[in-house]
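Accompanying notes for the structure given below.
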Amino acid sequence: MARAAVPVLSSLGPVALDRAGAEPLHRQLYRALRQAVLDGRLRPGERLPPSRALAADWGLSRNTVVTAYDTLLAEGYVTGRVGAGTFVAASLPDAVPGSIPARDEVRRGVGLSVRGRVLAEAPAIARDRVGRPFALGTPDLGVFPFALWAQLLGRSWRQGGRPLATEPDPLGHAPLRAEIAAYLRAVRAVRCEPEQVVIVSGAQQGLALLAQLLLDPGDEAWVEEPGWPGNRAALLGAGARLVPVPVDGEGIDVAAGMAQGAGARLALVTPSHQFPLGVTMSLARRLRLLDWAAARDAWIVEDDYDSEFRYAGPPLAALQGLDGAGRVIYVGSFSKVMFPALRLGYVVVPPDLVEPVRAARRHFDGGTSVVPQAALHRFLADGHFASHLRAMRSLYAAKRTAILESIADAFAGFATAEAGEAGMHVLLRLPPDCPDHMLAERAARIGLTTPALSSYHRDADGTTGNGLLLGFAAHDPAMLDRAVRDLARLVAELPKG
């Protein structure tokens with residue numbers, strides 16, 4: 001009966017005051033506020049409530065609150081601004097022994113599961129979204145029709161009404177799934193019906209969902225070497241044991257995979273445009289991979305992350321379209337074609353997996369927000385997506401040509417560019433005596449985002465040689481040319497030998 005928990009601030013939470021205790025209430029209030037500052041619940045610059053309001057909320061006298069505030073002020077935990085109020089100090093005094101460590105000082109990883117620790121420690125490549133030259137996976141946002149997109153969002157909400165506010169189908173908005181199925185059949189030769197299409201919050205969520213559904217802890221999974229760390233993290237999060245399989249000019253080396261992990265349950269591949277090398281998997285390799293999966297009853301996850309941007313040769317059919325045994329799962333995304341924050345992707349699963357995936361979505365997250373799905377449906381159905389894609393393909397082809405010409409001029413006789421036939425980046429191959437990681441670090445200091453090829457190896461040993469990845473989609477040719485020449489100057493300044 002003597003204790004009453006009353007909230008001071010939403011960030012402070014409930015605090016118990018012992019009104020019958022020996023310690024004065026102003027000291028109890030002072031200690032509660034001071035501890036909230038020390039452990040980060042009250043942040044630097046955060047405003048404390050006026051003394052009268054706090055006194056009324058807590059059922060205290062105003063003098064009690066003023067005395068507590070004055071003590072905090074005297075010790076440097078808060079500052080007072082005449083006419084403005086009381087604020088948590090930007091620079092705090094030293095904490096006394098035994099105080100709770102600030103949030104940033106708490107040891108990371110405590111209490112995690114084995115898989116949680118593996119996932120938290122998995123290497124990752126930071127994505128640059130702030131417009132620095134050569135950033136990977138960033139489309140040209142200056143030409144996306146955002147005004148049209150805003151209209152479609154508003155129209156979808158107005159016309160959709162109450163159904164859009166109800167619990168969504170775990171597999172996604174049915175009209176959007178039908179449009180995606182029609183698009184994939186026509187453009188990528190994917191064999192699917194709308195019922196097989198699952199809308200996810202980005203391709204990465206789709207990969208994580210599949211890994212949880214198809215793999216038991218300890219199961220082997222093939223991954224491309226080198227490859228995208230995010231794909232590996234999705235498998236590690238399910239407890240998989242990764243089998244790095246080398247990639248050459250024909251794509252993933254299936255024979256090497258069979259030798260290193262013949263009993264693998266899953267292979268995660270990027271056959272249309274391998275990341276980061278940019279090669280396309282040959283038909284012979286595709287057929288051999290399909291034969292392996294059918295014989296082993298294994299799964300192939302085809303990550304078709306940017307196949308829309310193909311600049312040479314005939315349109316390339318998806319690996320899934322060659323699959324006659326129902327072992328390929330197709331994953332795609334709209335983020336690189338439209339804009340990164342859209343966070344909408346899709347997974348095409350064999351018919352036997354539809355209901356297991358539906359059940360998993362119910363348990364994991366209930367499904368993806370339906371409001372942007374409805375707008376995306378109209379964006380596809382009304383022809384805006386096809387129109388935007390044609391414009392982007394033409395624009396990126398010109399930028400690709402421009403950056404290749406700049407590299408040939410600035411790096412003549414020293415380094416060469418490998419562009420592949422698709423995608424939004426080129427690979428700048430460097431000689432062995434020019435360490436890519438050192439050059440990438442120096443480039444970052446002058447505002448260039450140039451991930452080192454060696455960083456995409458699981459062991460970061462650079463066994464396929466030195467190189468830098470240069471994204472070209474987000475910038476105009478003039479800026480790309482300046483950035484290429486800045487990079488060439490850095491190379492010239494590197495210590496030789």
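Output the number of the condition that residue 291 fails; it satisfies all remaining conditions of (1) closer than 30 Å to residue 162 by Cβ; (2) without any contact (Cβ under 8 Å) to a residue 12 or more places away in the chain.
(1)
Name the single residue that is farthest from residue 422 (Cα to Cα) among those in segment 467-497 being hydrophobic (A, V, I, L, M, F, W, C) and in a strand (DSSP E or B). Give the steps one after another, and end with the answer.
Here is the first cut: in segment 467-497, the ones hydrophobic (A, V, I, L, M, F, W, C) are 468-470, 472-474, 478-480, 483-484, 487-488, 490-492, 494.
Of the ones still in play, those that are also in a strand (DSSP E or B) are 468-470.
Values: 468: 17, 469: 14, 470: 14 Å.
So, considering only residues that are hydrophobic (A, V, I, L, M, F, W, C) and in a strand (DSSP E or B), the one farthest from residue 422 (Cα to Cα) is 468.
Hey, any hits in segment 162-175 for a residue that's crowded, with 17+ Cβ neighbours inside 10 Å, within 27 Å of residue 423 (Cβ to Cβ), of a type in the set (A, V, I, L, M, F, W, C) and at pLDDT 90 or above?
Checked segment 162-175: no residue is crowded, with 17+ Cβ neighbours inside 10 Å, within 27 Å of residue 423 (Cβ to Cβ), of a type in the set (A, V, I, L, M, F, W, C) and at pLDDT 90 or above.
Which one is nearest to residue 231 (Cα to Cα), of the residues in segment 163-211 that are β-branched (Val, Ile, Thr) and in contact (Cβ under 8 Å) with a residue 60 or more places away in the chain? Full working, then the answer.
In the first step, residues of segment 163-211 are kept if they are β-branched (Val, Ile, Thr); the result is 166, 180, 187, 190, 197-200.
The next check asks that each one be in contact (Cβ under 8 Å) with a residue 60 or more places away in the chain; those that pass are 180, 187, 190, 197-200.
On the way: 180: 23, 187: 25, 190: 22, 197: 20, 198: 18, 199: 18, 200: 15 Å.
My answer is 200.
Considering only segment 338-386, state which residues are of a type in the set (Asp, Glu), modelled with pLDDT of 95 or more and outside any helix (DSSP H, G or I).
Result: 382, single match.
Residues are listed down the side, and each one gets a yes or a no for (1) of a type in the set (Phe, Trp, Tyr); (2) at positive phi; (3) touching a strand residue (DSSP E or B) at 6+ places or on another chain (Cβ under 7 Å):
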| residue | (1), (2), (3) |
| --- | --- |
| 343 | no, yes, no |
| 367 | no, yes, no |
| 373 | no, no, yes |
| 392 | no, no, no |
| 398 | no, no, no |
| 441 | no, no, no |
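Is segment 264-273 home to any residue that is modelled with pLDDT of 95 or more and polar (S, T, N, Q)?
Yes, there is a match, as at least one residue in segment 264-273 is modelled with pLDDT of 95 or more and polar (S, T, N, Q).
Among (1) outside any helix (DSSP H, G or I); (2) in contact with an Asp or Glu (Cβ under 8 Å, 6 or more places away or on another chain), which single condition is residue 399 missing?
Here residue 399 meets the rest and fails (1).
Among the residues in segment 273-295, are any farther than 16 Å from residue 251 by Cβ and among the aromatic types (Phe, Trp, Tyr)?
no
Considering segment 313-334 alone, what residues qualify as being farther than 18 Å from residue 234 by Cα, under 25 Å from the mean Cα position of the chain (by Cα) and small (Gly, Ala, Ser)? Reasoning before the result, please.
Residues of segment 313-334 farther than 18 Å from residue 234 by Cα: 313-327, 334.
Still in the running and under 25 Å from the mean Cα position of the chain (by Cα): 318-320, 334.
Correct list: 318 only.
Going through segment 354-398 one residue at a time, which ones are over 24 Å from the mean Cα position of the chain (by Cα) and buried (at least 20 other Cβ atoms within 10 Å of the Cβ)?
Correct list: 378 only.
Would you check if there is a residue in segment 413-429 being more than 28 Å from residue 282 (Cα to Cα) and either part of a loop (DSSP other than H, G, I, E, B) or of a type outside the set (Asp, Glu) (or both)? Break it down stepwise before answering.
Going through segment 413-429, the residues more than 28 Å from residue 282 (Cα to Cα) turn out to be 413-414.
This time we only want the ones that are either part of a loop (DSSP other than H, G, I, E, B) or of a type outside the set (Asp, Glu) (or both), so: 413-414.
Yes.
Identify, from the list 191, 177, the residue that is over 18 Å from residue 119 (Cα atoms) and part of a helix (DSSP H, G or I).
Only one candidate passes the filter, namely 177.
Could you list all residues from segment 17-44 that are at pLDDT below 85, out of contact with any Leu (no Cβ under 9 Å at 6 or more places or on another chain) and closer than 16 Å to residue 89 by Cα?
Across segment 17-44, the qualifying residues are 39, 40.
I'd like the full set of residues that are surrounded by 14 or more Cβ atoms within 10 Å (Cβ to Cβ) and not in a loop (DSSP other than H, G, I, E, B), limited to segment 138-161. First the steps, then the outcome.
Taking segment 138-161 as the starting set, the residues that turn out to be surrounded by 14 or more Cβ atoms within 10 Å (Cβ to Cβ) are 138-141, 144-145, 148-149, 152-153, 156-157, 160.
If the condition is that a residue be surrounded by 14 or more Cβ atoms within 10 Å (Cβ to Cβ) and not in a loop (DSSP other than H, G, I, E, B), then 141, 148, 149, 152, 153, 156, 157, 160 are the ones that fit.
Pairs only if they're at least six apart or on different chains, beta carbon under 6 angstrom, first in segment 16-33 and part of a loop (DSSP other than H, G, I, E, B), second surrounded by fewer than 18 Cβ atoms within 10 Å (Cβ to Cβ); list them, first residue then second.
Short answer, once both residue conditions are applied: 19/2; 20/2.
Here is a check on your reading of the model: is residue 297 among the acidic types (Asp, Glu), surrounded by fewer than 16 Cβ atoms within 10 Å (Cβ to Cβ), assigned by TED's automatic domain parsing to the domain that holds residue 201 and on the phi > 0 side of the Ramachandran plot?
On the way: among the acidic types (Asp, Glu): yes; surrounded by fewer than 16 Cβ atoms within 10 Å (Cβ to Cβ): yes; assigned by TED's automatic domain parsing to the domain that holds residue 201: yes; on the phi > 0 side of the Ramachandran plot: yes.
Spelling it out, residue 297 is indeed among the acidic types (Asp, Glu), surrounded by fewer than 16 Cβ atoms within 10 Å (Cβ to Cβ), assigned by TED's automatic domain parsing to the domain that holds residue 201 and on the phi > 0 side of the Ramachandran plot.
Do you know which residues across segment 335-353 are under 15 Å from the mean Cα position of the chain (by Cα), surrounded by fewer than 17 Cβ atoms within 10 Å (Cβ to Cβ) and not aromatic (Phe, Trp, Tyr)?
Matches in segment 335-353: 340, 341.
State yes or no: is residue 485 of a type in the set (Lys, Arg), outside the structural domain of residue 231 (by TED's automatic domain parsing) and at pLDDT below 95? Walk me through it before giving the result.
Numbers: of a type in the set (Lys, Arg): yes; outside the structural domain of residue 231 (by TED's automatic domain parsing): yes; at pLDDT below 95: no.
Taking the combined requirement at face value, the residue does not satisfy it.
The values are calculated or read from the model by the stated rules, or taken from the named source; none is laboratory data. Just so it is clear, the model here is predicted, and its values are computed rather than measured. Ideal geometry is used to build each Cβ from the backbone, glycine not excepted, and the neighbour counts take in all protein chains shown.
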